[in-house]
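S.K.: Dropping a structure here in structure tokens format, bear with me for questions.
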Amino acid sequence: MTSTTATGQVAHEVAEDRVLRRSMHLLRPHRRLAGAVVAITLALTVAALVTPLLFGRAVDAVEATDEDLIIVLGLATIAAGAAAALLTGLRSVLSGRLALAVEVRLRNDLFAHYLELDRQFFQRRKVGQLVSLMVVTSTPIRNFVAVALPKLLGDLGTFVFAGIAMAVIDWRLAALTLWPLAIVLYLVWRMNRVVAPAMVQRQEYTATATATADETLRSMLPVEILNAQQERADRFDEQVGGWHRAAVFLATRGSVYDSAIETIPFFAWAPLYVVGANRVIDGDLSLGTFVTFTGYVTIMLVPLTKLGYRLWTTERATASAQRAFGALDRAPLIADQPDARDQLAGLAQVDLEGVSASFGGLTKALDDVELDIAAGRNVAIVGPTGSGKTSLLDLISRIHDPDAGDILIYGAPVSDVTLAALRSLVRRVGSTPHLFPTSVLDNMRYGTDAANCDDVEAVARTLGIHDEIVALPDGYDTRVGSSGVDVSASMAQGISIARAFVGRPQILLLDDVTAPFPPSIERQIAAGITELARDITVVVAAARPALLALADDIVVLDDGAVVGHGTFDELARDSRHFRTLLEQWRLDRAITPPSAGRGQP
């Protein structure tokens with residue numbers, strides 16, 4: 001047990017050292033600013049070391065009644081004090097700018113990395129935890145890197161050079177005076193072992209409590225319907241309670257160590273006064289030299305008393321950095337290959353060759369699927385719930401990669417195409433609409449800056465949603481989304497579909513897109529999609545009969561395998577699985593075999 005604990009502690013110390021060194025890399029883009037802060041800190045250290053020497057020389061000058069030297073030393077002391085004051089103010093300004101620059105960079109790095117990660121990452125983590133990681137953890141890191149670290153370097157310089165000066169003056173007296181150093185260093189080591197785990201635990205409780213609050217407030221309707229308010233309150237209380245216990249532990253233990261670290265150095269004065277004063281009386285030291293020595297003891301003890309606070313800042317930064325760098329080190333499962341192409345030529349065909357896939361190590365979602373979709377064709381994928389329709393669209397859009405087989409667009413494997421190029425060629429619309437908190441116009445041309453108002457309006461008219469939009473308070477300029485006007489689910493879906501077409505894709509993936517629409521306008525939307533989708537390769541995951549009107553061909557999936565492929569009439573005649581689906585749909589409404597499909601006679 002002891003061996004395991006010791007090993008874990010060594011691993012923590014190694015990890016801490018690595019994290020702190022990596023934190024230093026945040027300063028690289030701001031080397032000049034960081035260098036200026038360090039230079040000013042060193043200048044302040046020199047000023048602090050010169051001042052006791054000036055005081056001591058002044059005392060000796062008084063004893064020698066050297067008035068000219070007294071005046072010179074007085075002016076030099078004033079100059080040193082004024083310079084120190086100016087440099088301190090300048091360092092505060094520059095340190096503040098450096099700290100904010102480091103914080104902004106870390107937040108931007110985390111956010112940019114989030115945008116590159118795959119969907120599985122976000123499925124396993126709560127939004128509140130990710131926001132907490134990006135916003136909360138950056139502050140301790142920037143305080144350490146940009147503020148505490150330069151001061152720590154200054155403290156170290158002061159301690160080392162003051163100690164050398166004391167040893168030069170009288171090494172025996174210096175040794176007697178510095179005996180508390182060993183105790184302080186031991187307390188710092190013990191404090192590090194005690195507070196570091198609790199610091200990490202407190203930050204973890206902060207993240208989980210933030211995540212619970214976020215997911216609860218985002219889901220108030222189901223929470224109220226399920227009468228789960230008390231359960232959510234209890235969970236939040238438990239997490240906040242854990243944070244409170246960790247915080248109390250840190251405050252209690254930290255105050256004990258801080259008090260000891262701040263108090264013990266003052267015991268150095270006893271041997272200084274007893275031994276040092278006697279040496280002055282005996283004539284072994286001049287009074288001025290004794291004053292200088294006393295000044296060096298004073299400026300040396302100040303860094304010792306601040307070691308507890310410096311360590312506290314360091315541990316907070318380490319705990320934060322471990323979490324932040326852990327997220328930054330999470331490589332996306334879906335990423336560009338080193339030799340990926342950013343341009344494709346040819347026809348927008350889609351081919352699946354022996355594709356099998358399973359997600360999360362569960363039952364296969366797709367099993368040895370062979371499918372050829374010619375450019376400009378429209379294929380509907382149908383099947384019962386869980387048959388693999390959405391999984392197939394995920395693979396084409398490279399949300400996931402297959403376990404076996406190849407997905408090709410334009411005759412090239414999707415893994416050989418950069419994600420940026422793939423996203424520009426392939427647009428996808430799901431059954432759940434999403435609106436960004438901006439105007440209707442900006443929502444519809446989101447990600448397509450080249451689209452103008454006429455392009456947007458033409459798409460809206462074809463889909464039949466133009467009149468609804470102009471009826472909004474500010475028409476196309478009406479702000480919608482989380483901070484704007486509430487719109488119906490069907491209108492939000494209409495805007496989402498329009499956004500896909502405004503982007504002028506070459507390949508369009510539609511996943512049960514008419515689900516939010518009432519039956520009265522479902523066929524209207526389907527007809528608009530058919531009109532806009534001319535010359536576009538379309539793959540439709542159809543869970544409703546209206547979408548079959550889009551199809552040139554229909555593919556039937558069952559348990560991840562293709563069990564039918566043909567036109568509506570062919571499948572209705574020859575496919576038992578397709579007839580079963582039609583019968584299920586007829587339970588909800590009558591279905592008329594479509595005649596509007598582009599592949600129908």
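The values are calculated or read from the model by the stated rules, or taken from the named source; none is laboratory data. All of these numbers come straight from a predicted model, not from anything done at the bench. Every residue, glycine as well, gets a Cβ built from its backbone with ideal geometry; the counts of neighbours run over all protein chains shown.
S.K.: Which residue, of Pro140, Pro52, is in a helix (DSSP H, G or I) and in contact with a Phe, Trp or Tyr (Cβ under 6 Å, 6 or more places away or on another chain)? Walk me through how you get there before you give the answer.
M.R.: On the way: Pro140 fails: in contact with a Phe, Trp or Tyr (Cβ under 6 Å, 6 or more places away or on another chain).
From the options Pro140, Pro52, the qualifying one is Pro52.
S.K.: Now, a different point. Looking at (1) surrounded by 15 or more Cβ atoms within 10 Å (Cβ to Cβ); (2) at pLDDT below 90, which is the only condition Thr385 fails?
M.R.: (1) is the only condition that Thr385 fails.
S.K.: Looking at this structure, is Arg172 within 30 Å of Thr263 (Cα to Cα) and more than 36 Å from the chain's Cα centre (by Cα)? Can you show your working first?
M.R.: Values: within 30 Å of Thr263 (Cα to Cα): yes; more than 36 Å from the chain's Cα centre (by Cα): yes.
Taking the combined requirement at face value, the residue satisfies it.
S.K.: Related question: Mind listing just one residue for me: the one in segment 538-554 that is part of a helix (DSSP H, G or I) and out of contact with any strand residue (DSSP E or B) (no Cβ under 6 Å at 6 or more places or on another chain) and, of those, surrounded by the most Cβ atoms within 10 Å (Cβ to Cβ)?
M.R.: Looking only at segment 538-554, we keep the residues that are part of a helix (DSSP H, G or I), and these are 545-550.
Checking which are out of contact with any strand residue (DSSP E or B) (no Cβ under 6 Å at 6 or more places or on another chain) leaves us with 545-546, 549.
Values: Pro545: 23, Ala546: 22, Ala549: 25.
Across segment 538-554, the extreme among qualifying residues is Ala549.
S.K.: Next question. Criterion first (on the phi > 0 side of the Ramachandran plot and over 36 Å from the mean Cα position of the chain (by Cα)) does Gly295 satisfy it?
M.R.: Here the answer is no, as Gly295 does not meet what is asked.
S.K.: Determine which member of the set Leu73, Leu53, Leu26 is within 18 Å of Leu153 (Cβ to Cβ) and either surrounded by 16 or more Cβ atoms within 10 Å (Cβ to Cβ) or not hydroxyl-bearing (Ser, Thr, Tyr) (or both). Lay out the reasoning, then the answer.
M.R.: Values: Leu73 fails: within 18 Å of Leu153 (Cβ to Cβ); Leu53 fails: within 18 Å of Leu153 (Cβ to Cβ).
Matching residue, one of Leu73, Leu53, Leu26: Leu26.
S.K.: Show me the helices (runs of 4 or more DSSP H) entirely contained within segment 440-533 in which 2 or more residues are among the charged types (D, E, K, R), surrounded by fewer than 16 Cβ atoms within 10 Å (Cβ to Cβ) and modelled with pLDDT of 85 or more. Steps first, please.
M.R.: On the way: elements: 440-444, 453-463, 466-470, 489-502, 519-532.
In segment 440-533, the matching helices (runs of 4 or more DSSP H) lie at 453-463.
S.K.: Outside the structural domain of Thr567 (by TED's automatic domain parsing) and in contact with a Leu (Cβ under 9 Å, 6 or more places away or on another chain), is that true of Ala345? Can you show your working first?
M.R.: Working: outside the structural domain of Thr567 (by TED's automatic domain parsing): yes; in contact with a Leu (Cβ under 9 Å, 6 or more places away or on another chain): no.
Considered against the rule, which asks whether it is outside the structural domain of Thr567 (by TED's automatic domain parsing) and in contact with a Leu (Cβ under 9 Å, 6 or more places away or on another chain), Ala345 comes out as no.
S.K.: May I pose another question? Is there a residue being closer than 30 Å to Gly475 by Cβ, within 26 Å of the chain's Cα centre (by Cα), in the same structural domain as Leu510 (by TED's automatic domain parsing) and surrounded by fewer than 21 Cβ atoms within 10 Å (Cβ to Cβ) anywhere in segment 401-414? Break it down into steps so the answer makes sense when it comes.
M.R.: So in segment 401-414, the residues closer than 30 Å to Gly475 by Cβ come out as none.
The answer is no; no qualifying residue exists.
S.K.: Let me ask something additional. So which of Ala196, Ala182, Ala174 ends up being surrounded by 14 or more Cβ atoms within 10 Å (Cβ to Cβ) and either at pLDDT 75 or above or outside the structural domain of Thr45 (by TED's automatic domain parsing) (or both)?
M.R.: Numbers: Ala196 fails: either at pLDDT 75 or above or outside the structural domain of Thr45 (by TED's automatic domain parsing) (or both); Ala182 fails: surrounded by 14 or more Cβ atoms within 10 Å (Cβ to Cβ).
Only one candidate qualifies: Ala174.
S.K.: Same structure, new question: Being of a type in the set (D, E, K, R) and in a helix (DSSP H, G or I) is the filter; apply it to segment 306-357 and report the residue that is modelled with the highest pLDDT. Explain how you work it out, then say what you get.
M.R.: Applying the first criterion (of a type in the set (D, E, K, R)) to segment 306-357 yields 306, 310, 315-316, 323, 329-330, 336, 339, 341-342, 351, 353.
Then keep just the ones that are in a helix (DSSP H, G or I); that gives 310, 315-316, 323.
On the way: Arg310: 75, Glu315: 74, Arg316: 75, Arg323: 80.
Ranking the qualifying residues of segment 306-357, first place goes to Arg323.
S.K.: Picking from Val280, Val223, which residue would you name as being over 31 Å from the mean Cα position of the chain (by Cα), assigned to a helix (DSSP H, G or I) and either among the basic types (Lys, Arg) or farther than 30 Å from Lys151 by Cβ (or both)? Quick ask: steps written out before the conclusion?
M.R.: Working: Val223 fails: over 31 Å from the mean Cα position of the chain (by Cα).
After ruling out the rest, the residue left standing is Val280.
S.K.: Residues that are hydroxyl-bearing (Ser, Thr, Tyr) and either modelled with pLDDT under 85 or outside any helix (DSSP H, G or I) (or both): does segment 117-136 have at least one?
M.R.: In the first step, residues of segment 117-136 are kept if they are hydroxyl-bearing (Ser, Thr, Tyr); the result is 132.
Retained after the next criterion (residues that are either modelled with pLDDT under 85 or outside any helix (DSSP H, G or I) (or both)): 132.
There is at least one residue in segment 117-136 that is hydroxyl-bearing (Ser, Thr, Tyr) and either modelled with pLDDT under 85 or outside any helix (DSSP H, G or I) (or both).
S.K.: Does Thr77 count as among the polar types (S, T, N, Q) and more than 55 Å from the chain's Cα centre (by Cα)? So that I can check it myself, show each step before the final result.
M.R.: Numbers: among the polar types (S, T, N, Q): yes; more than 55 Å from the chain's Cα centre (by Cα): no.
When the stated conditions are applied, Thr77 does not pass them.
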